[in-house]
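Comments concern the structure below.
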Protein chains: 4
Amino acid sequence: MYGIRTDLAIEANEIYNENSGASVTSSQIPGVEINVEKYEHAKVTKVNISSDEGEHKLGKAKGNYITIEAIDIKLNSDEVYKQLRELISQELRKIITITDKSTILIVGLGNWNITPDALGPKVVSNVMVTRHIHEYMPEEIETGVRSTCAIAPGVLGITGVETGEIIKGVVDKVKPNIIIVIDALASRSIERVSKTIQISDTGICPGSGVGNSRKEFTMKTMGVPVIAIGVPTVVDAATIANDTIDKVINSLVNQSSKGKEFYETLKSIDKNEKFSLIQQVLGEDMANLMVTPKEIDDIINKISKVISEAINMALHTVINSENAANYTLIH
Amino acid sequence: MYGIRTDLAIEANEIYNENSGASVTSSQIPGVEINVEKYEHAKVTKVNISSDEGEHKLGKAKGNYITIEAIDIKLNSDEVYKQLRELISQELRKIITITDKSTILIVGLGNWNITPDALGPKVVSNVMVTRHIHEYMPEEIETGVRSTCAIAPGVLGITGVETGEIIKGVVDKVKPNIIIVIDALASRSIERVSKTIQISDTGICPGSGVGNSRKEFTMKTMGVPVIAIGVPTVVDAATIANDTIDKVINSLVNQSSKGKEFYETLKSIDKNEKFSLIQQVLGEDMANLMVTPKEIDDIINKISKVISEAINMALHTVINSENAANYTLIH
Amino acid sequence: MYGIRTDLAIEANEIYNENSGASVTSSQIPGVEINVEKYEHAKVTKVNISSDEGEHKLGKAKGNYITIEAIDIKLNSDEVYKQLRELISQELRKIITITDKSTILIVGLGNWNITPDALGPKVVSNVMVTRHIHEYMPEEIETGVRSTCAIAPGVLGITGVETGEIIKGVVDKVKPNIIIVIDALASRSIERVSKTIQISDTGICPGSGVGNSRKEFTMKTMGVPVIAIGVPTVVDAATIANDTIDKVINSLVNQSSKGKEFYETLKSIDKNEKFSLIQQVLGEDMANLMVTPKEIDDIINKISKVISEAINMALHTVINSENAANYTLIH
Amino acid sequence: MYGIRTDLAIEANEIYNENSGASVTSSQIPGVEINVEKYEHAKVTKVNISSDEGEHKLGKAKGNYITIEAIDIKLNSDEVYKQLRELISQELRKIITITDKSTILIVGLGNWNITPDALGPKVVSNVMVTRHIHEYMPEEIETGVRSTCAIAPGVLGITGVETGEIIKGVVDKVKPNIIIVIDALASRSIERVSKTIQISDTGICPGSGVGNSRKEFTMKTMGVPVIAIGVPTVVDAATIANDTIDKVINSLVNQSSKGKEFYETLKSIDKNEKFSLIQQVLGEDMANLMVTPKEIDDIINKISKVISEAINMALHTVINSENAANYTLIH
């Protein structure tokens, strides 16, 4: 896998294909299926991994990965937001199996104090929470409003406790029927950062975003299905350097009249060797850097609002695209 | 108890005494002992309740209640802060029984989004957290640093889950030896708001501050000792109205030449009747009001820093009054 | 005026009427006209003061005061918000005289760090700002978008400079055609707090909200028309105590069988005497208290969003009630 | 200058030297003097530019540039902070000429909402402000406390007005004797980000940090001396890519046995050509990226506190390294 860090199944497949010369939107691997749907303001790519081979080669657990690329999100237009919340809630509804009596636990992973890692806590602070009303004032609950609860416990460095342990403790008390977990991810591609939403039915490993690797967060560890929603908000500095070097070399090969053969040689350096060399020269300081868009604060606010609305729409039949904004809070 | 709302044992005793004509700094009730210590910038009042009669008459569980009144906190002077963190950490050390191997769970109750209720979360965000280092990098732990973890789960209206349930879930996983829980309180007296710290070994009932009444939070429910630290940050509007009326009537009795007898009569109205009358005329809107100092944001920041430092000093022998500031974070 | 503090013309008139026995929605004073309009979710009261006598008796400068009472704002319904932003923008459009070439300066008074005083800065952070685009990239400006700029300079205690001086400095450089200034106000009535929007063409005196009295902020001092938008977010503690006492006494007069004559006498105490007595017994601590709704953070967020949208709709013809949300930022 | 973006004079000289083969801590240019002082936890480098040639070749205005590199800032130790605030205040005192009657205007440039750009506003929110007390309550001012005022007006995209215009407006009203302006800078070096403080007597061009280029901010435009304090908080993504490529190539030249000659050739590509190539391949998305340390929020809080304390110490003789913390607020 050449050490390039990505949490997106769609990118894992791209990287695999780059090394085997295949096109981006298909898969070479048996048991990996890819489907692309195009919408006016978004592109939806569905990766289904059903074989051990696919799991192994892409480094992603078996299951469904739906990637919604919000190509027009910068337009700041309500039309775009509307399509996004509709697509996300639609896809969520397809992979969430619940009845009217289900209790849903929504978990926001990440650290409020690091902007690109605050996506999970922000979404959680905006979703509608009703479990206590169901319990203490059931007569006040409208038809079409399910029992939901939500927690954003913070990260290991803040609590001193594995996030998975905290959530498992809450799950043991609350006994939800399903968990929806939201986290910031890392992408290998600048273009995808903060424009892409990945939904999957496989759960996630917290900390794959900005922080350290922590414990697994899946059906196996939690005892109930775990739906994961993630948005890449950072790119690894080493990944950016690596991609840039590749592009520069390609460009030199094409443009340069004189040293063409030199660059061809350069291009042929073993990819693993090159990436580990980059990590070496960048050193420890670089490992501690993150690359984000300048307007990351604004982006996190907007995309977390869209995701909150979509979750509300997917879970409560009284909420639809038209009235969704009324059911989120603004902080 | 006349419906006046206070979370301070010292005030519960005052109210009892007012109705029996006794002085404020002693107790009339068998099994209730009161001791006062005076310091340059603080007054420490210790209320020990050991009898069922005391428990019943004061409406407070048996145990120790140490009240530190920071009379000079407005001076904004480091000398005052130094004395405060020393007094608080000293009193904490007396009632916390731990060994070098103990794990301490620090819990911040309350709602980050309501300033006067944010004391608990603020303290938690500033205390030193080491449990994960003890677990994963024990060689990096200095001698004199105990294992601490911390959580501020939010309130029922935000999570949909009783705070007690969330904490019990975490306790079941982490198995701490002791819990320290920090919460904002309600006081009956304007003068005490945000100038008083109450420490007790009885645990607390979350939500006695700004919010609703929620579940018990004690040794009985948690299975380990629960130390409570509280600061009154609000006064009930009805309490203020009631106190004002009493003062106005007293003033009229003393000043007015003409209608002295009228006011004497007014003064003699049954206290319960009067208070319930006030609550009635104030109505629902009033129940939803809170009375706080104007500079509440600044006060919450300062007092939560002092409490964080004092907790760090009480738990970790490497931390003392001189270096305490180095071990808290600034947000 | 009995010392009762209100920034609302509608309340100044009410207080005047209470003392002369007139009904609330009319005026006894020549040169003061009052009109009431009722809408499904709001009540609009227009007070026009045209005489010196009106100015003097109500303690408010000559001009128009439009008060929109958002009686259903707690419903948290988009229908209510829609009607509010439509009413506010409609009334703004009536009293703002601008051309397509006008530059509008929007000023948010108040202190970001004190929640109930943060209304002005919050509105400013949400309004659309275009002056720099008009200046540097005029080709990017849509038809129907006017030149707007915005500033929230902070309060005297933060800057050390009178807010009026800072704004005058900016006005001298920017030379706007009109100023819209937003500030938090004080109300005498619990019921109106955070549910009422007052628009006036008279300008305002900054600091009438939470802080101290500062300099005038009007056409006279700024050299251009000043439109003021205010929302009461606090009630004076003394005012609440005073009103409560009145209500309690009234209640005693009606209910009590025995001492009816006593209370009648009490009721007849001179109002000025009683209010100053209350202020006396409450003392300095009370002067420093503010009374706000518990959910003030949430309310400030919501009402500032509605006002931002209404200002955008009033100033830019491309913005209407349907697309208004797309033109405000969420922080 | 190869397009590499740096706001630090020390780095401008390094880049110049790299291209002429000179050592880093001296200068090749007549009229540019460099002195280095070493302290236990910091390194102070003073660059004095006195010639037109120096100004031109380094791309920095004539004047003094003092760079304090806080090599141990990560230790989170009070000893380190103490040395830093002492060094900064000492250097400030040397270049600030004021009397007891002087008024000092402190200006925080940058955008509160973008963490790495919030340095200026954060410092301003922590410095002691006294001008209003000097003016209205002179009897309350201690000896040794000068008249200070402070403003953080926000950025062009937020206000619609050039920051320079706003400040000039305030300067015209307040008539300060000197201006101290604080801003976030860009560095070319990962190692210096958030560990380096540059003080200069030349003023600055706002926006050299994260945002766009805006107007000059100097004695010439303001009419009084302008002291600039800056901390690099971001690195340009293109700069990182460029430096990484250089390091990779160097590494290949040294390690590789086979293609040594290839890499030598690659190394000799014209630097300008290479950098513009990188910018090209990175494209527009990259231009919008910023590279910051992961813990940028924490760093900005800490370093802004140190700078606030140092400014207070430099301006007010009652404040010294021991009591400095008492004079800053904690938000």
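The values are calculated or read from the model by the stated rules, or taken from the named source; none is laboratory data. None of these values were measured; they are calculated from a predicted model. FYI the Cβ positions are ideal-geometry reconstructions off the backbone, even for glycines, and counts take in every protein chain you see. Surface areas here come from the heavy atoms of the whole protein model, side chains and all, with no ligands, DNA or RNA. Shrake-Rupley method; radii C 1.70, N 1.55, O 1.52, S 1.80 Å.
Okay, here's what the table says:
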{"item": "Residue under evaluation residue A:252, criteria (1) modelled with pLDDT of 80 or more; (2) open to solvent by less than 20 Å² (accessible area, probe 1.4 Å), criterion not met", "result": "(1)"}
{"item": "Odd one out for residue B:56, checked against (1) crowded, with 22+ Cβ neighbours inside 10 Å; (2) not in a strand (DSSP E or B)", "result": "(1)"}
{"item": "Those residues of segment A:43-72 which are of a type in the set (A, V, I, L, M) and closer than 15 Å to residue A:8 by Cβ, in sequence order", "result": "A:44, A:47, A:49, A:58, A:61, A:66, A:68, A:70"}
{"item": "Positions within segment B:289-319 being touching a Lys or Arg at 6+ places or on another chain (Cβ under 6 Å) and among the acidic types (Asp, Glu), in sequence order", "result": "B:309"}
{"item": "Residue in segment D:29-52 that is open to solvent by 10 Å² or more (accessible area, probe 1.4 Å) and modelled with pLDDT under 90 present", "result": "no"}
{"item": "Given (1) touching a residue at least 60 places away in the same chain (Cβ under 8 Å); (2) in contact with an Asp or Glu (Cβ under 7 Å, 6 or more places away or on another chain); (3) more than 14 Å from every other protein chain (Cβ to nearest Cβ), index of the condition residue A:89 fails", "result": "(2)"}
{"item": "Single residue of C:238, C:287 found to be modelled with pLDDT under 80 and surrounded by 17 or more Cβ atoms within 10 Å (Cβ to Cβ)", "result": "C:238"}
{"item": "Index of the failed condition, residue D:115 passing every other in (1) within 9 Å of another protein chain (Cβ to nearest Cβ); (2) on the phi > 0 side of the Ramachandran plot", "result": "(2)"}
{"item": "Meets criteria (modelled with pLDDT under 90 and touching a Cys at 6+ places or on another chain (Cβ under 7 Å)) for residue B:213", "result": "yes"}
{"item": "Positions within segment D:163-187 being in contact with a helix residue (DSSP H, G or I) (Cβ under 7 Å, 6 or more places away or on another chain), within 28 Å of residue D:67 (Cβ to Cβ) and not hydrophobic (A, V, I, L, M, F, W, C), in sequence order", "result": "D:163, D:164, D:183, D:187"}
{"item": "Positions within segment B:300-331 being free of Cβ contacts under 8 Å to residues at least 40 places away in the same chain and more than 24 Å from residue D:308 (Cβ to Cβ), in sequence order", "result": "B:320"}
{"item": "Residues of segment D:118-136 that turn out to be small (Gly, Ala, Ser), more than 10 Å from chain C (Cβ to nearest Cβ) and either touching a helix residue (DSSP H, G or I) at 6+ places or on another chain (Cβ under 8 Å) or closer than 17 Å to residue C:155 by Cα (or both), as a count", "result": "1"}
{"item": "Residue tally, condition at the interface with chain A (Cβ under 10 Å from one of its Cβ atoms) and at pLDDT below 95, over segment B:137-152", "result": "0"}
{"item": "Any helices (runs of 4 or more DSSP H) falling wholly within segment A:94-208 and containing at least 2 residues that are open to solvent by less than 20 Å² (accessible area, probe 1.4 Å) and not polar (S, T, N, Q)", "result": "A:119-126, A:163-174"}
{"item": "Condition met for residue B:298 (at the interface with another protein chain (Cβ under 7 Å from one of its Cβ atoms), out of contact with any helix residue (DSSP H, G or I) (no Cβ under 9 Å at 6 or more places or on another chain) and either modelled with pLDDT of 80 or more or open to solvent by 10 Å² or more (accessible area, probe 1.4 Å) (or both))", "result": "yes"}
{"item": "Some residue of segment A:68-80 being open to solvent by less than 50 Å² (accessible area, probe 1.4 Å), within 25 Å of residue A:298 (Cβ to Cβ) and touching a strand residue (DSSP E or B) at 6+ places or on another chain (Cβ under 6 Å)", "result": "yes"}
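Condition check ((1) modelled with pLDDT under 65; (2) out of contact with any Phe, Trp or Tyr (no Cβ under 7 Å at 6 or more places or on another chain); (3) within 27 Å of residue C:243 (Cβ to Cβ)) across all residues:
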position	(1), (2), (3)
B:256	yes, no, yes
B:272	no, no, yes
B:275	no, no, yes
B:309	no, yes, no
B:312	no, no, no
B:319	no, no, no
